[in-house]
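J.: What follows is a single structure, and I will ask about it in a moment.
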Amino acid sequence: MYPTNLNYKMPAEWVKHSRTFISWPVQSSMCYPEDYGTVCLGYTEIILAIAEFEPVTVVVNPADSEKLTHLFQNDQIEGLVIDHNDAWLRDNGPTFLINDIGGLAGVNWQFNAWGGKYAPWDLDDQVAPQILKAVQLKCFNAPLVMEGGSFHVDGEGTLLTTEQCLLNSNRNPERTREQIEAELERFLNVQKVVWLKKGLDGDETDGHIDNIACFVAPGKILIQVCD
């Protein structure tokens with residue numbers, strides 16, 4: 001049984017939502033671990049700013065749980081203890097789905113740290129299903145290695161992505177373009193996939209679409225260009 005069979009679909013980014021999820025930084029995974037304190041200050045500012053408008057759930061490692069309890073004494077902010085390797089929830093978190101009667105569910109993609117670049121990623125691969133379990137939502141396990149930043153949807157059946165990322169040999173080498181499209185249709189309820197050739201040069205994500213283009217309305221795309 002796929003999400004499409006139950007009339008679930010991935011909504012567009014501008015659809016009203018009730019909560020933001022974010023994961024707390026992990027010092028051991030940082031390129032510059034000596035800047036951990038500064039990074040945490042930045043995250044704190046972001047979380048407090050969002051909490052002025054909506055609730056925030058912070059995915060936190062057990063070792064940091066008590067610290068966050070003291071740091072955020074705000075009814076709008078709650079911690080969710082889940083072991084994770086890195087703080088990049090847009091890419092390794094669940095893709096939330098909605099149906100036509102207001103029901104919610106989520107997709108759990110396979111995650112391999114952007115093509116196996118940053119070991120270990122075993123904990124990050126398990127974050128999405130744990131979030132869905134914590135919020136008591138149905139979890140659909142997808143057979144694709146995907147990151148949240150690798151695709152955009154307009155909420156009306158069209159998906160935007162790049163060949164460089166989804167067809168990369170370090171993601172889903174055993175699958176053809178047509179097979180990947182079929183899975184996207186089953187799990188996100190899209191009818192059309194628009195493939196751009198590549199993303200930014202030197203992008204370590206291998207061409208994430210969120211670096212170059214996104215839907216701002218059905219049929220309208222905002223793109224990044226250079227002078």
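J.: Within the range 180-227, work out how many residues are over 16 Å from His152 (Cβ atoms) and in a helix (DSSP H, G or I).
T.: Going through the range 180-227 one residue at a time, the tally reaches 3.
J.: Considering the range 18-32 alone, what residues qualify as being more than 20 Å from the chain's Cα centre (by Cα) and not in a helix (DSSP H, G or I)?
T.: Filtering the range 18-32 down to residues more than 20 Å from the chain's Cα centre (by Cα) leaves 27-28, 31-32.
Answer for the range 18-32, where residues must be more than 20 Å from the chain's Cα centre (by Cα) and not in a helix (DSSP H, G or I): Cys31, Tyr32.
J.: What's the number of the only condition in (1) surrounded by fewer than 18 Cβ atoms within 10 Å (Cβ to Cβ); (2) over 21 Å from the mean Cα position of the chain (by Cα) that Glu54 fails to meet?
T.: Here Glu54 meets the rest and fails (2).
J.: Does the range 146-159 contain any residue that is at pLDDT 95 or above, in a helix (DSSP H, G or I), of a type in the set (Gly, Ala, Ser) and under 20 Å from Gly219 (Cα atoms)? Lay out the reasoning, then the answer.
T.: So in the range 146-159, the residues at pLDDT 95 or above come out as 146-159.
After this cut, where a residue has to be in a helix (DSSP H, G or I) as well, the list is 148-150.
Those left that are additionally of a type in the set (Gly, Ala, Ser): 148-150.
Within this subset, residues satisfying the condition of being under 20 Å from Gly219 (Cα atoms) are 149-150.
Checking the range 146-159: at least one residue is at pLDDT 95 or above, in a helix (DSSP H, G or I), of a type in the set (Gly, Ala, Ser) and under 20 Å from Gly219 (Cα atoms).
J.: Moving on to the next point. I'd like to check something: does the range 186-209 contain any residue that is surrounded by fewer than 20 Cβ atoms within 10 Å (Cβ to Cβ), without any contact (Cβ under 8 Å) to a residue 24 or more places away in the chain and closer than 22 Å to Pro11 by Cα?
T.: no
J.: Mind checking which residues of the range 155-169 are closer than 28 Å to Asn7 by Cα and of a type outside the set (A, V, I, L, M, F, W, C)?
T.: Going through the range 155-169, the residues closer than 28 Å to Asn7 by Cα turn out to be 155-163, 165-167.
Those that are closer than 28 Å to Asn7 by Cα and of a type outside the set (A, V, I, L, M, F, W, C): Gly155, Glu156, Gly157, Thr158, Thr161, Thr162, Glu163.
J.: Is there a residue being under 23 Å from Val153 (Cα atoms), under 21 Å from the mean Cα position of the chain (by Cα) and modelled with pLDDT of 95 or more anywhere in the range 33-51?
T.: Kept after step one, since they are under 23 Å from Val153 (Cα atoms), are these residues of the range 33-51: none.
No, the range 33-51 contains no residue that is under 23 Å from Val153 (Cα atoms), under 21 Å from the mean Cα position of the chain (by Cα) and modelled with pLDDT of 95 or more.
J.: Next question. Among the acidic types (Asp, Glu), surrounded by 11 or more Cβ atoms within 10 Å (Cβ to Cβ) and in contact with a Ser or Thr (Cβ under 9 Å, 6 or more places away or on another chain): does that describe Glu66?
T.: Details: among the acidic types (Asp, Glu): yes; surrounded by 11 or more Cβ atoms within 10 Å (Cβ to Cβ): yes; in contact with a Ser or Thr (Cβ under 9 Å, 6 or more places away or on another chain): no.
Here the answer is no, as Glu66 does not meet what is asked.
J.: Here are Asp86, Asp64, Asp100, Asp125: which of them is in contact with a strand residue (DSSP E or B) (Cβ under 9 Å, 6 or more places away or on another chain) and at pLDDT below 95? Steps first, please.
T.: Details: Asp86 fails: at pLDDT below 95; Asp64 fails: at pLDDT below 95; Asp125 fails: at pLDDT below 95.
Result: Asp100 is the single residue among Asp86, Asp64, Asp100, Asp125 that is in contact with a strand residue (DSSP E or B) (Cβ under 9 Å, 6 or more places away or on another chain) and at pLDDT below 95.
J.: Just to be sure I understand the filter: pairs with C-beta atoms under 6 Å, separated by 6 or more residues or on different chains, first member in the range 89-102 and without any contact (Cβ under 8 Å) to a residue 24 or more places away in the chain, second member part of a helix (DSSP H, G or I). Which pairs pass?
T.: That search, which allows pairs on different chains as well, returns nothing.
J.: All but one of (1) within 19 Å of Glu54 (Cα to Cα); (2) touching a residue at least 60 places away in the same chain (Cβ under 8 Å) hold for Gly149; state the number of the condition that does not hold.
T.: That leaves (1) as the condition not met.
J.: From the set of residues in the range 187-227 that are within 20 Å of Val145 (Cβ to Cβ) and among the small types (Gly, Ala, Ser), which is farthest from the chain's Cα centre (by Cα)?
T.: Ranking the qualifying residues of the range 187-227, first place goes to Gly199.
J.: Looking only at the range 76-110, which residues are among the β-branched types (Val, Ile, Thr), more than 17 Å from Ile50 (Cβ to Cβ) and assigned to a strand (DSSP E or B)? Working first, answer last.
T.: Just the residues of the range 76-110 that are among the β-branched types (Val, Ile, Thr), to begin with: 77, 81-82, 95, 98, 101, 107.
In the following step, the residues that additionally are more than 17 Å from Ile50 (Cβ to Cβ) were identified as 81-82, 95, 98, 101, 107.
Passing the criteria: Val81, Thr95, Ile98, Val107.
J.: Among residues belonging to the range 1-38 that are of a type in the set (A, V, I, L, M, F, W, C) and more than 18 Å from Asn92 (Cβ to Cβ), point out the one that is surrounded by the fewest Cβ atoms within 10 Å (Cβ to Cβ). Steps first, please.
T.: Within the range 1-38, the subset of a type in the set (A, V, I, L, M, F, W, C) is 1, 6, 10, 12, 14-15, 21-22, 24, 26, 30-31.
Subset that is more than 18 Å from Asn92 (Cβ to Cβ): 1, 6, 12, 14-15.
Values: Met1: 8, Leu6: 14, Ala12: 17, Trp14: 11, Val15: 10.
So, considering only residues that are of a type in the set (A, V, I, L, M, F, W, C) and more than 18 Å from Asn92 (Cβ to Cβ), the one surrounded by the fewest Cβ atoms within 10 Å (Cβ to Cβ) is Met1.
The values are calculated or read from the model by the stated rules, or taken from the named source; none is laboratory data. Here the structure is a predicted model, which is why all the values come from computation and not from measurement. Every residue, glycine as well, gets a Cβ built from its backbone with ideal geometry; the counts of neighbours run over all protein chains shown.
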